[in-house]
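The structure appears below as structure tokens.
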Amino acid sequence: MNVDLVVVGSGFFGLTVAERCATELGSRVLVLERRDHIGGNAYTENEPETGIEIHRYGAHLFHTSNEQVWEYANRFTRFTGYRHHVYTTFKGRVYPLPINLGTICEYFGRAFTPDEARALIAEQAAEIPAGREPRDLEEKAVSLIGRPLYEAFIRGYTAKQWQTDPRDLPAEIITRLPVRYTFDNRYFNDVHEGLPVDGYTAWLERMADHPNIEVRLDTDFFDMRDGLVGRVPVVYTGPLDRYFDFAEGELGWRTLDFETEVVPTGDFQGTPVMNYADEDVPYTRVHEFRHFHPERHYPDDRTVIMREFSRAADRGDEPYYPINTARDRERLLRYREMARREDGVLFGGRLGTYQYLDMHMAIASALSAVANRLRPHFEQGERLT
Ligand code: FDA
């Protein structure tokens, strides 16, 4: 095979590796992609009836404080000035998230100063005595934000996310529940934030647009593996357990189901993302994509919404969020050891490392893999694992 490197997967990790190796190291790169499109989970497409750009695998908001990643991303796209905000509906009323002074004033029905709100939440959180280890997720959440806010904004949402009563979930799932004692409800705190002006797919296609890069869609690495591994260096961004034929058991993931609908109104909910905290509403959130791009001209009599449902993934489902139980972590250690011994194969990206990575983290990790592993491999003949 007349290539220097095979990259399995065309998500942000795979495409960053491919682009850097092609452009900087002059490598000929073959990208194999199982799906019928590039871009991994960041892929977007226009809904045909309305032309509204939808995020097929869930809403993707770009934000970073990493200057190197920001500079790199800006080589392929310009960004809008979009700033993300989220609201939640609970018992027929709407509140801003993350929990902030506005949420607290609205929920308890009166004006609080920051100090008063802090004192109130501290008093409510004292229900779980300091020094006693919380026994489950519910106790942990109450110890952080008190019972009233937990019951309104965390309990039902978490139960739906995990399809499990929070009293049966381990405390370690949450380490912190940020409460802001200001009215600032900007979702991300990063220095840079925005959405690609002409969409994620255009950005991702520009990354792959290089004479040294060939992308083969509808192509599963496992159908070609024997002819590749050991003959050409491979960067693998598919699921880690699948690579080793699940020899140590499966790593647990949560998946999402999406229900997309065109509705006959110019504005369904007045905001891009509305969470639903009530347990008896089966979905966790509703996305309305037109609000990601208020600068665009979209039809004013129709809009596209997407309801999101969460559940544990079975084999064959799209793996979205690592569950990370103690058993998963034990298995992960064994898989990592196997990956370390797999000569000529570099495991990366969120599936290849069993780690939730935001886009900017996937790009940062790919840039460092090129600098610290692939460049030394190609230029000094260092072993690639
Ligand atoms: P990614 O999953 O994108 O790509 C892996 C690719 O490998 C896939 O295209 C897959 O088809 C391919 N592949 C797997 N096995 C293969 C095989 N055997 N042969 C060939 N190809 C194979 N981030 C962020 O910054 N802001 C956000 O708002 C969000 N939102 C968000 C929502 C949801 C629901 C999820 C699941 C994730 C996000 N993310 C996010 C994270 C973002 O999607 C993530 O950072 C990138 O997908 C990481 O890129 P990777 O290349 O690692 O994986």
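The values are calculated or read from the model by the stated rules, or taken from the named source; none is laboratory data. Keep in mind that what you see is a predicted model, and the values were worked out from it rather than measured. Note that each Cβ is placed from the backbone with ideal geometry, even for glycine, and that neighbours are counted across all protein chains shown. These area figures cover heavy atoms from the full protein model, side chains too; ligands, DNA and RNA do not enter into them. Shrake-Rupley method; radii C 1.70, N 1.55, O 1.52, S 1.80 Å.
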Could you tell me which numbered condition GLU342 fails, if it satisfies all but one of (1) open to solvent by less than 20 Å² (accessible area, probe 1.4 Å); (2) among the acidic types (Asp, Glu); (3) more than 27 Å from THR164 (Cβ to Cβ)?
(1)
Hey, among the residues in segment 301-338 that are part of a loop (DSSP other than H, G, I, E, B) and within 14 Å of the ligand (Cβ to nearest atom), which one's surrounded by the most Cβ atoms within 10 Å (Cβ to Cβ)?
PRO319
Checking ALA119 against (1) free of Cβ contacts under 8 Å to residues at least 24 places away in the same chain; (2) surrounded by 12 or more Cβ atoms within 10 Å (Cβ to Cβ); (3) within 27 Å of the chain's Cα centre (by Cα): exactly one of these is not met. Which one?
(3)
Which of the residues that make up segment 339-352 are part of a helix (DSSP H, G or I), over 14 Å from the mean Cα position of the chain (by Cα) and either within 16 Å of the ligand (Cβ to nearest atom) or of a type in the set (S, T, N, Q) (or both)?
ALA339, GLY352
Based on this model, can you work out whether THR260 counts as loosely packed, with under 15 Cβ neighbours inside 10 Å, within 16 Å of the ligand (Cβ to nearest atom) and not in a loop (DSSP other than H, G, I, E, B)?
yes
The residue from GLU133, GLU127 that alone is closer than 30 Å to PRO322 by Cβ and of a type in the set (Asp, Glu) is GLU133
Quick check: is even one residue across segment 349-358 open to solvent by less than 30 Å² (accessible area, probe 1.4 Å), charged (D, E, K, R) and at pLDDT 95 or above?
no
How many of the residues in segment 263-300 are among the hydroxyl-bearing types (Ser, Thr, Tyr), open to solvent by 20 Å² or more (accessible area, probe 1.4 Å) and under 25 Å from the mean Cα position of the chain (by Cα)?
2
Suppose the filter is of a type outside the set (Lys, Arg), on the phi < 0 side of the Ramachandran plot and in contact with a helix residue (DSSP H, G or I) (Cβ under 7 Å, 6 or more places away or on another chain); does GLY238 pass it?
yes
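Filter segment 1-59 for residues that are part of a helix (DSSP H, G or I), open to solvent by 20 Å² or more (accessible area, probe 1.4 Å) and either more than 6 Å from the ligand (Cβ to nearest atom) or within 30 Å of GLY381 (Cβ to Cβ) (or both) and give the result.
Those that are part of a helix (DSSP H, G or I), open to solvent by 20 Å² or more (accessible area, probe 1.4 Å) and either more than 6 Å from the ligand (Cβ to nearest atom) or within 30 Å of GLY381 (Cβ to Cβ) (or both): ARG20, THR23, GLU24.
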